[in-house]
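Engineer: Provided herewith is a single structure, encoded as structure tokens, for subsequent inquiry.
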Amino acid sequence: MILKRRLFWMVAILIAVAAIVIPLVSSNYMLRVVNITMITYICVLSMFIVFGMAGQISFAQAGFWGVGAYITAILTVKLQLSPVIAIFASVLGTGLIAAILGLALFRLHGHYFGFSTIGVVMILNGLFQNWKPVTGGADGIGGIPAFGIGSWEFTSEMNNFHLILVIVVAVSIITYIVQRSALGRSFMAIRDNEIAAKCMGVNSYKTKIIAFTLAAMYCGIAGSLFAFLTSYISATTFTFPQSALYLVMLMLGGYNTLAGPVVGTLLLMLLPEWFRFLQEYILLIYGLGVMVLMVVMPDGLIGGGKKAYESIRKRGWAKQPSNDIG
Amino acid sequence: MNLSAKEAGQSSPVMILDKLCKRFGGVVAADEISFTLASGQIHGLIGPNGSGKSTALNLISGVTDMDSGNVILDGETITKEASYMRARLGIARTFQHPRLLKRCDVRTNLFLGSDLANMKKHSSPFTLEQLMEAAGLRLDLGDSITTMSYGQQKLFEIVRALLTNPKVVLLDEPAAGLNTKEMERVEALINIAVKNNAAVLLVEHSMDLVMNLCHVITVLNFGRPIAEGIPEEILSNEAVIEAYLGRGRSA
Amino acid sequence: MVLQLIIAGLAMGIVYGLVAMGFVLIFRAVGVVNFAQGEFLMIGGFFSYTLTAQLGLPMGAALGVCALIMGLFGIFFHFLTYWPLRKSWDITVIISTIGASIALKEIATLLWGPAPLGVDPIVPGLAKFSTVSIEWQFILTIGIAALLMGGVFMLLERTYLGHILQATAQDQYAAALIGIPVVVATGLTFAISALITGVGGLLLAPIFFVTTTMGGITGLKAFAAVIIGGFGSVHGAIIGGILIGFVDTFSGAYISSTYRDAIVFLCLILALIVRPQGIFGEKIAEKV
């Protein structure tokens, strides 16, 4: 308990310090990288919910990210609605679409659901790419205004940084709460043993849909933030490989804890920036690195770190398990 | 050892199984299985391997769909209900090989049980401390499940089942693979269930446990009930002896 | 016109079939989806460029050399992605193959450059049948692919080696118990899968440009073919591939060339909803 409280304050202080320091020391370019990283983190969190917790592989997440972005773009640019309405619409709209898809697709079991999500992202991408009257087709949608509440506008990179940071913190807290709730436990029960879950009163069909919808809503808000940040969106961003990237980030960081998405996203988004001199080879190293890491640390860096920590601790304390069977 | 519990326990029927039938292709797994479970009673379900005992549990808990027959719980026919619904209505079970959440910690696994209890209207007489004590498990809530031995995992699964505050507890070979001390703990847990008026359906191969604990025993062979009665009657029943063929028991 | 579409559809379809077959062979053997399968196609395409345009080999020789190299590559790939993770959770192998697909694309970019490469047709010119003229390369693609598929079938059904591969695919543990060296069987399966997919790339190369992205979409469409045909069924993969080839070609011509990809995946979802086990697949129940 004491450890948890200390951890909480450490994280809170870290975030507060980051909120103040990062904009001061970073160039506009670096700040943009940070902003995109945070938006990506929200999408990786969505993968954490649907796959890390509920065990359902979904390649649709980048598609939902796009849905969120396009809803905001369409509402602000074509319908001239306020950014606040747009962000809410993105969250709710993406959630609604996911819920409807979930109703149909969770009738499928095991691998088949995952395969269908490949279809979903490909179809969504096809729509983004070709539905000219609504999504602008290959031209995309430009001129998306900055986010604003009333007369308060978030035009600069730093404004966006603070806006996105607030949402990141909020979404992380929501995820933390879900993880420790009965809903979160029902997700994990489905992941680890669906039959046991059902025999423990979990309506797995409905619960999977809830997980899928919640995850999609995370992508929805991430998409909206992305649209406001970059003021131009196009279909080439919201693709199957992008979804695969979220999955990889989750697995690299660790799929079983909240710290996993943080580590995974930071690693894959910021490392390329720090190793710019390896520019040409970056993707190659990334691909090979993923392959190696899966062999060496299948629980991700956090999971592997925990195991290493446990084995060091056990050796240090010579701890005996205290059960008296036999 | 526990025949006095027969008098002590309440005896109102809580679950009625009416002619449950199930075929898998050409194999008849369940052939008009019928019996009644009463609250506070331990009902044994025995039979040679392949006689349909696990199938019966799967049909009752809703894991397998039945071809025909009815399951009635507290007067309500729940035959059409999905397994999660039956769990919410008060059926809890364990499995031959423990179905625990291997990637979650002890807390998550246990609270999954109490989450179900919280869904029910009446408060639960089962407490975590009492159950863990009876099971002999001293675990930290943050521990990983995988540190437990097989026997501990089986006991853990029974604890989880009882935490749900069930009306009916289905136990699928809880003693299989356990040593004597662990079997004693299984008995202790079953007694707690019975003391709190749950009905226990015990599928077992360990005759010691069955004869000691059960108030009533139903014997299955090839999916069909061939005998039902108190332990002494079953031991001397010719049809039963024949079904087991050569498994002589000194009574 | 329709005949030309049919031939083109059949040619595309049979190549999808080769890739789909590649997917299924690996899945049946080790139970994992190989997300780098499309990149096998890409590598085959690049090898075809190197062998014909750079080294000047005639098509027949190029075919043989390409097949051999792809087979060896498959074994190499097997030891890099599957073998170290054979006892781990499925998703780790999937992630590893995703990493491999990225790495392969980058290696291709580094070795051959980012620009699309053109390859001469296997056999140039048109075949003339009374009023209709069809490109020879389509006919040859269909022919070579069919021969290759037939060859794999013969191997699996009629030879001792094939039976070993099938046995290992059905139950690795039992196969090991009766003395089959599992690593040889799984390695060989990957080799065959890479070989046929790579040759598919070689056949496709002259029809489209060879690019680092050619594996991506084609791989996914072949994957859709596997599912529609029946996940785990080799016949299903071939039939599914040909079906997808037709859907792809005909919807591109008659409905919309821009939506053709989306339509393929719409078919995938519809197929999953209507009949998830595919045309030839079987429903698998879980043992409790």
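Engineer: Could you tell me which of the residues C:Gly74, C:Gly38 is within 20 Å of C:Thr211 (Cα to Cα), in a helix (DSSP H, G or I), in contact with a Ser or Thr (Cβ under 7 Å, 6 or more places away or on another chain) and of a type outside the set (Phe, Trp, Tyr)?
Structural biologist: None of the other options fit; the residue is C:Gly38.
Engineer: Moving on. Which condition number in (1) away from chain C (no Cβ under 14 Å); (2) in contact with a Ser or Thr (Cβ under 8 Å, 6 or more places away or on another chain); (3) among the small types (Gly, Ala, Ser) is the one that A:Gly66 fails?
Structural biologist: Result: A:Gly66 fails condition (1) only.
Engineer: Moving on. For the stretch C:183-287, give me every one of the helices (runs of 4 or more DSSP H) that falls completely inside it and has 2 or more residues that are more than 10 Å from chain A (Cβ to nearest Cβ).
Structural biologist: Ranges flagged: C:214-229, C:234-250.
Engineer: A further question follows. Based on this model, can you work out whether B:Arg103 counts as within 14 Å of chain A (Cβ to nearest Cβ), touching a helix residue (DSSP H, G or I) at 6+ places or on another chain (Cβ under 8 Å), among the charged types (D, E, K, R) and in contact (Cβ under 8 Å) with a residue 60 or more places away in the chain?
Structural biologist: Here the answer is no, as B:Arg103 does not meet what is asked.
Engineer: Something else now. It is to be established whether one or more residues within the stretch A:209-217 are within 9 Å of chain B (Cβ to nearest Cβ) and among the polar types (S, T, N, Q).
Structural biologist: Checked the stretch A:209-217: no residue is within 9 Å of chain B (Cβ to nearest Cβ) and among the polar types (S, T, N, Q).
Engineer: Also: Could you grab me the full set of residues in the stretch A:147-191 that are within 14 Å of another protein chain (Cβ to nearest Cβ), outside any helix (DSSP H, G or I) and either crowded, with 18+ Cβ neighbours inside 10 Å or hydroxyl-bearing (Ser, Thr, Tyr) (or both)?
Structural biologist: Within the stretch A:147-191, A:Ser181 is the sole residue that qualifies.
Engineer: For C:Ile98, are the conditions met, namely being crowded, with 21+ Cβ neighbours inside 10 Å, of a type in the set (A, V, I, L, M, F, W, C) and under 22 Å from C:Thr218 (Cα atoms)?
Structural biologist: Criteria met by C:Ile98.
Engineer: Can you find, within the stretch A:252-276, the residue that is farthest from the chain's Cα centre (by Cα) among those that are under 18 Å from C:Ala103 (Cα atoms) and part of a helix (DSSP H, G or I)?
Structural biologist: Filtering first and then ranking leaves A:Arg276.
Engineer: Next question, about the same structure. Only one residue in A:Leu108, A:Leu101, A:Leu127 is of a type in the set (A, V, I, L, M), farther than 26 Å from A:Ile36 by Cβ and either exposed (fewer than 14 other Cβ atoms within 10 Å of the Cβ) or without any contact (Cβ under 8 Å) to a residue 60 or more places away in the chain (or both), so which one is that?
Structural biologist: Selected residue: A:Leu108, the only one of A:Leu108, A:Leu101, A:Leu127 that is of a type in the set (A, V, I, L, M), farther than 26 Å from A:Ile36 by Cβ and either exposed (fewer than 14 other Cβ atoms within 10 Å of the Cβ) or without any contact (Cβ under 8 Å) to a residue 60 or more places away in the chain (or both).
Engineer: Considering B:Gly47, B:Gly69, B:Gly52, which residue is surrounded by fewer than 23 Cβ atoms within 10 Å (Cβ to Cβ), more than 12 Å from chain A (Cβ to nearest Cβ) and not β-branched (Val, Ile, Thr)?
Structural biologist: Of B:Gly47, B:Gly69, B:Gly52, the one residue that is surrounded by fewer than 23 Cβ atoms within 10 Å (Cβ to Cβ), more than 12 Å from chain A (Cβ to nearest Cβ) and not β-branched (Val, Ile, Thr) is B:Gly69.
Engineer: Scan the stretch C:196-252 residue by residue and report those that are among the polar types (S, T, N, Q) and touching a Pro at 6+ places or on another chain (Cβ under 8 Å).
Structural biologist: Scanning the stretch C:196-252 gives C:Thr211, C:Thr212.
Engineer: For a quick check of your reading: which helices (runs of 4 or more DSSP H) sit entirely within the stretch B:141-251 and have at least 1 residues that are small (Gly, Ala, Ser)?
Structural biologist: Qualifying helices (runs of 4 or more DSSP H): B:150-163, B:180-195, B:238-244.
Engineer: Go over the candidates B:Asp115, B:Asp143 one by one and state the one that is more than 16 Å from the chain's Cα centre (by Cα) and more than 7 Å from every other protein chain (Cβ to nearest Cβ).
Structural biologist: None of the other options fit; the residue is B:Asp143.
Engineer: Out of (1) without any contact (Cβ under 8 Å) to a residue 24 or more places away in the chain; (2) more than 10 Å from chain A (Cβ to nearest Cβ); (3) crowded, with 23+ Cβ neighbours inside 10 Å, what's the single condition that is false for C:Cys66?
Structural biologist: Single failed check for C:Cys66: (1).
Engineer: Would you check which residues across the stretch B:104-130 are surrounded by fewer than 19 Cβ atoms within 10 Å (Cβ to Cβ) and in a loop (DSSP other than H, G, I, E, B) and list them?
Structural biologist: Within the stretch B:104-130, B:Lys120, B:Lys121, B:His122, B:Ser123, B:Ser124, B:Pro125, B:Thr127 qualify.
Engineer: Scan the stretch B:82-96 for residues that are more than 7 Å from chain A (Cβ to nearest Cβ), in contact with an Asp or Glu (Cβ under 9 Å, 6 or more places away or on another chain) and not β-branched (Val, Ile, Thr) and jot them down.
Structural biologist: Passing the criteria: B:Leu89, B:Gly90, B:Phe95, B:Gln96.
Engineer: State the number of residues belonging to the stretch A:234-251 that are β-branched (Val, Ile, Thr), assigned to a helix (DSSP H, G or I) and facing chain C (nearest Cβ under 10 Å).
Structural biologist: Number of matching residues: 1.
Engineer: Taking C:Thr109 as the residue in question, decide whether it is of a type in the set (Ser, Thr, Tyr), more than 30 Å from C:Val183 (Cβ to Cβ) and more than 10 Å from chain A (Cβ to nearest Cβ).
Structural biologist: no
Engineer: Cβ-Cβ below 6 Å, separation at least six or inter-chain, first residue in the stretch B:179-206 and within 14 Å of another protein chain (Cβ to nearest Cβ) and within 23 Å of B:Leu59 (Cα to Cα), second acidic (Asp, Glu) and surrounded by fewer than 23 Cβ atoms within 10 Å (Cβ to Cβ): which pairs?
Structural biologist: Once the first residue is within 14 Å of another protein chain (Cβ to nearest Cβ) and within 23 Å of B:Leu59 (Cα to Cα) and sits in the stretch B:179-206, its partners that are acidic (Asp, Glu) and surrounded by fewer than 23 Cβ atoms within 10 Å (Cβ to Cβ) give B:Val203/B:Glu173.
Engineer: Further question: Give C:Leu156, C:Leu126, C:Leu177, C:Leu165 a once-over and let me know the one that is more than 19 Å from the chain's Cα centre (by Cα), modelled with pLDDT under 90 and farther than 30 Å from C:Gln4 by Cβ.
Structural biologist: Every option except C:Leu177 fails the conditions.
The values are calculated or read from the model by the stated rules, or taken from the named source; none is laboratory data. Quantities reported herein were computed from a predicted structural model and do not represent experimental measurements. Don't worry about glycine lacking a Cβ; one is built from the backbone with ideal geometry, like all the others, and counts go over all protein chains shown.
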